[in-house]
There are 2 protein chains.
Amino acid sequence: MAALCSIPSFSTTTNSFNLTSPYHSLFFSKSSVNLPQQSTPFNTIKCSLSRRPEYTPNRISDPNYVRIFDTTLRDGEQSPGATLTSKEKLDIARQLAKLGVDIIEAGFPASSKDDLEAVKMIAKEVGNNIDGDGHVPVICGLARCNRADIDASWEAVKYAKRPRIHTFIATSDIHLKHKLRKSREEVIQIAREMVSYARSLGCEDVEFSPEDAGRSEKEFLYQILGEVIKAGATTLNIPDTVGILLPVEFGQLIADIKSNTPGIENVIISTHCQNDLGQASSNTVAGAYAGARQLEVTVNGIGERAGNASLEEVVMTIKCRGKELMEGLYTGINTRHIVMASKMVAEYTGLAVQPHKAIVGANAFAHESGIHQDGMLKHKSTYEIISPEDIGLHRSNESGIVLGKLSGRHALKSRLLELGYALDDKDLDDVFWRFKAVAEKKKHLSDSDIEALISDEVFQPKIIWSVGDVQVTCGTLGLSTATVKLIDADGAEHVACSIGTGPVDAAYKAIDIIVKRSVVLLEYSMNSVTEGIDAIASTRVLIRPENGHTSTHALTGETVHRTFSGTGAGMDIVVSSVRAYVSALNKMLGFKETAASKESIDNSALKVPSEISQVSF
Amino acid sequence: MAALCSIPSFSTTTNSFNLTSPYHSLFFSKSSVNLPQQSTPFNTIKCSLSRRPEYTPNRISDPNYVRIFDTTLRDGEQSPGATLTSKEKLDIARQLAKLGVDIIEAGFPASSKDDLEAVKMIAKEVGNNIDGDGHVPVICGLARCNRADIDASWEAVKYAKRPRIHTFIATSDIHLKHKLRKSREEVIQIAREMVSYARSLGCEDVEFSPEDAGRSEKEFLYQILGEVIKAGATTLNIPDTVGILLPVEFGQLIADIKSNTPGIENVIISTHCQNDLGQASSNTVAGAYAGARQLEVTVNGIGERAGNASLEEVVMTIKCRGKELMEGLYTGINTRHIVMASKMVAEYTGLAVQPHKAIVGANAFAHESGIHQDGMLKHKSTYEIISPEDIGLHRSNESGIVLGKLSGRHALKSRLLELGYALDDKDLDDVFWRFKAVAEKKKHLSDSDIEALISDEVFQPKIIWSVGDVQVTCGTLGLSTATVKLIDADGAEHVACSIGTGPVDAAYKAIDIIVKRSVVLLEYSMNSVTEGIDAIASTRVLIRPENGHTSTHALTGETVHRTFSGTGAGMDIVVSSVRAYVSALNKMLGFKETAASKESIDNSALKVPSEISQVSF
């Protein structure tokens, strides 16, 4: 029947997936009622986590294993305002390693010196930190199809135990015509040469992406993919760059590539789905279904425009349904670290997760917590298909409210460890001091309180300015007045006062008088992170210097303005607003200083070709 | 081949959709490269909006027309904390009518008297307001399968030109066993009787949903659906209540129901997909693809847990790809009202939209605004598949910054009309007064500024308390002190002062002293709605009274605590926080008063059976 239906049967080199089977069994089963026939499989969704197969770039020994490629630090960081410091990138990379992702795309080294340094740091540390099971993530760097980009990428990732260069060039007619202004033949030649060049540097793990594959002519795709396989590519990534495809189409695209590309049995097929029509997660799962064995995702689904397929949705879908529907597909993700990864990425990028976000939204399991439990809900699985514990969700009313002002340093340290924070003594001291100050005012501290304090104390940029005192008067009478005392790196105190249209405006103007920088405030937001009227407020600001730092955009090659976010926590919203602003200022000032220290960077890696807009420092 | 593949060809009574064609052409085409062959169709996505067919409950004259059933006011309002006032529900219903949705599920009238009154009000006003094209939305009320619920629903919707009762009962074994404790035979009998009962009241438009259809045994589904068709149901809605299905499965479920249910050719099939695994929008589109001609969605995808399929994703997917991929499917939605609907629902429910939300997220089109335009992006369609104007998105840098302190009332009124706000003279006066006050302090007012002022002045509950003056002192020295003057409904002034852990805490405590109610503050959040350091801050709070109002949950039958949100805008964050709190208090106090005025409600409709937890008033 496969032949009748024009569905080619798949080669079994990469995996044993047989297209006639899954598509067939779902759409064209002998009995058309074979699917949710019994309620049993839905009621007891439990997966035995199979062991992760040994890593070889171009093949996977277990045909049912699906690699998770996380690009939060590359595609995610391209989101407007999501600029991360090197420290934040390293924190996220560590958390991704904990999650067990197979490949971390750590950045786009040619975009800026900071990015190159950050990828290098991640390659050196996270890329060499082998866990108890012998797993260490591949560290990957993006590069356009030119030598300078590939050099920069290799310079950054080569320190990892498993380095990968990911190079791409657009293949759709619309991109060829309007962006590249090149013919198909030219594009094939560039792709072939650059993949060879990447291999020639000593990199044995090279990924190639035909950008905008979703809108590319298929015969041309088979041709260019066949050529880069010959040139040494080990993973072929198929991006739906503009997010225009539906799951049936994307699945078909992967199936077609799998059956028509010469040499495809020797490489891994990968998916990369943008979310412009809200189809990214479904498209990604459809891709796995059709034979892709690497899925590119981001934590919380962040990324350019409407973002990417979200790690948590894709991973939990495969976990919940992979066994039953997809011939036993599984990933190596330890899902219990999902919630912490989600919180960290939301906090650092400032891209909040909406309450009704699948898996990680605040309401995703709220039928349990928000609704009065009066015994009517007799059986959990009537409305719950994932257990909150599976993704590492512990609610404050379960595990929280355990610490108060009499709690000691040891109790705090234990709770922090349970929450996933392993602090050094210096950081613990700082948090403990703040903890006691808050506990004086607030009877019980929940886990969320503690996490807010940690993010305020620990996840902060290098201190250039620190907040001394703040004093504010405001109200409906107008004439808001703020006096601020800041302390500089040498310990000297600086005091200024200002009036403003509100207390925060007044305080920020007083800070501007001290810091003497022209700053544009792009965003300001605040949340109470804990319930109750004595909640801790967490403030976030996003700023950019008037004469901004820039970097190069991965896809368009445009010059992008760097923006800097800062967070602050406290029970006084004016004080937390001041902390957030000073934190963002420190990040901005620190960024400039890093860029100035040119001696730390291998300049040979950074010969940016002249046709590409130069990075500005 | 259809026979070989066991795919039954569809009847053409409801529509001419032929299953062999769409599934076939995508998965089993003669040439396996037939899809995105040319780049042309992707480059020029434009749909000619066909005329909406005449409304008949159980059939659609044009087989390609897909009805949009919006349940923002019912399923969406079930989100934790999303409680809406009657005024807010009416505003949203009006906006849904503007959007051109075919059916508005306005509420669950048996859940509380307020809900019944709100549905009735919407039925009377929005349900009789025929637009220029002769379109008036169906007004639908939800009801469990019992006479009291159906009576309440009919009592509420019967005033509409096109009233509909939507009744449901669970059909999955897990729900039968743990929730209903009934046999399949009992469930069939109840469903049949209650559909007949709804018809017997004079309602010619009855929708039936087998709850948890996604986990129900298919043969049982065909049987119960066949029975309710005989009993007079005109629409059969298929809910994936726990959001467990993948698009291929959900599409197959719809196709199977379409081919195996006796009498199905005489009714409309509908989809209702929850988003627990992030598959809701794709599942819904897959359902349309397989023959469903009514799609249940919510604005912004809000709803219980991870929410529902989102209206904007489903509608824009059909608009972008319906012609090309789905034999010309189309909806009657005027997409230019999407952005305004999204903003209104986010504002009223307090369920924010994440920046990377597809279609309506702040970043969804940010590659245009956030990234420096230096001529590198030579052709819009290289990265843009939807034009922002298509969904009614006008950015402040395009249409904004047109009003300043010298602008007059007429200029403001014109701009408000352009933004979609038709205010009466009283409301215009209020907004104008605030506008001038802000314009005194701020040079230019963008559209966002103006929208913030409107939501602060116009979309407010009936005034019980209003804010007089606020005066606050705070800072790192502690001892935050606030003095607040509130004015009661009779114009009398009340002043109180309090200290607190921060300025907002102090102000809220002062208000509590005046208002004398025990209130739990559940959430507090703030955003600057406009860029720049003199931004207008918009504050939102969510509160609940200590001895709360409750209502009945539609699906679980549980008692749900009512919560109340309030918003406030202003350039001083303490003042805007006070406004938000007083707004929420007014909503809460007003809600109680409505519930007390029993004479306005037809009590005969409210005999709630004893086995269901009684609503509390």
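The values are calculated or read from the model by the stated rules, or taken from the named source; none is laboratory data. In this text the structure is predicted, and so the values were computed from the model without any measurement. Cβ coordinates were reconstructed from backbone atoms using ideal geometry, including for glycine residues, and neighbour counts include every protein chain displayed.
The residue that is farthest from B:T71 (Cα to Cα), among those in segment B:127-137 that are surrounded by fewer than 24 Cβ atoms within 10 Å (Cβ to Cβ) and touching a residue at least 12 places away in the same chain (Cβ under 8 Å), is B:D133. Against the list (1) outside any loop (DSSP other than H, G, I, E, B); (2) within 18 Å of A:V297 (Cα to Cα); (3) of a type in the set (G, A, S), the condition A:A110 fails is (2).
Out of A:D212, A:D205, report the one residue that is of a type in the set (D, E) and within 14 Å of chain B (Cβ to nearest Cβ).
A:D212 is the lone residue from the list that is of a type in the set (D, E) and within 14 Å of chain B (Cβ to nearest Cβ).
Residues that are away from chain A (no Cβ under 14 Å), among the polar types (S, T, N, Q) and surrounded by 24 or more Cβ atoms within 10 Å (Cβ to Cβ) within segment B:215-236 comprise just one, B:T235. Listed by first and then second residue, the pairs with beta-carbon distance under 9 Å, at least 6 apart or on different chains, first residue in segment A:352-364 and more than 7 Å from chain B (Cβ to nearest Cβ), second basic (K, R) and outside any loop (DSSP other than H, G, I, E, B), are A:V360/A:K343.
Among residues belonging to segment B:196-209 that are within 26 Å of the chain's Cα centre (by Cα) and within 10 Å of B:A233 (Cβ to Cβ), point out the one that is surrounded by the fewest Cβ atoms within 10 Å (Cβ to Cβ).
Kept after step one, since they are within 26 Å of the chain's Cα centre (by Cα), are these residues of segment B:196-209: B:198, B:203-209.
With within 10 Å of B:A233 (Cβ to Cβ) added as a condition, the list becomes B:198, B:205-209.
Working: B:A198: 30, B:D205: 24, B:V206: 28, B:E207: 30, B:F208: 29, B:S209: 26.
The selected residue is B:D205.
One residue stands out in segment B:268-314 among those that are part of a helix (DSSP H, G or I) and among the acidic types (D, E): the one that is nearest to the other protein chains (Cβ to nearest Cβ), namely B:E313. Looking across B:N266, B:N283, one residue alone is over 23 Å from B:T556 (Cβ atoms) and not hydrophobic (A, V, I, L, M, F, W, C). It is B:N266.
What are the residues in segment B:64-104 that are without any contact (Cβ under 8 Å) to a residue 60 or more places away in the chain and over 25 Å from B:R336 (Cβ atoms), if any? If you could, list the steps in order and put the result at the bottom.
To start, the set of residues in segment B:64-104 that are without any contact (Cβ under 8 Å) to a residue 60 or more places away in the chain comprises B:73, B:89-90, B:93-94, B:97, B:104.
Listed by number, the list is empty, since nothing qualifies.
Checked against (1) part of a helix (DSSP H, G or I); (2) at pLDDT below 95, B:T317 passes all but condition (2).
Each row is one residue, and each column tells you yes or no for (1) at pLDDT 85 or above; (2) buried (at least 20 other Cβ atoms within 10 Å of the Cβ); (3) hydrophobic (A, V, I, L, M, F, W, C).
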residue: B:K436; (1), (2), (3): no, no, no
residue: B:K442; (1), (2), (3): no, no, no
residue: B:V458; (1), (2), (3): no, no, yes
residue: B:D469; (1), (2), (3): yes, no, no
residue: B:E493; (1), (2), (3): yes, no, no
residue: B:A537; (1), (2), (3): no, yes, yes
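Is it the case that segment B:515-526 has a residue that's over 32 Å from the mean Cα position of the chain (by Cα), farther than 24 Å from A:V504 by Cα and more than 7 Å from chain A (Cβ to nearest Cβ)? Scanning segment B:515-526, I find at least one residue that is over 32 Å from the mean Cα position of the chain (by Cα), farther than 24 Å from A:V504 by Cα and more than 7 Å from chain A (Cβ to nearest Cβ), so the answer is yes. Among the residues of segment A:138-197 satisfying the criterion of being part of a helix (DSSP H, G or I) and without any contact (Cβ under 8 Å) to a residue 12 or more places away in the chain, which is farthest from A:F220 (Cα to Cα)? Per the criteria, the residue is A:H178.
Kindly indicate whether any position in segment B:52-75 is modelled with pLDDT of 85 or more and of a type in the set (G, A, S). Full working, then the answer.
Within segment B:52-75, the first condition is being modelled with pLDDT of 85 or more, and the residues that meet it are B:52-75.
If we keep only those that are of a type in the set (G, A, S) too, we end up with B:61.
Yes, segment B:52-75 contains at least one residue that is modelled with pLDDT of 85 or more and of a type in the set (G, A, S).
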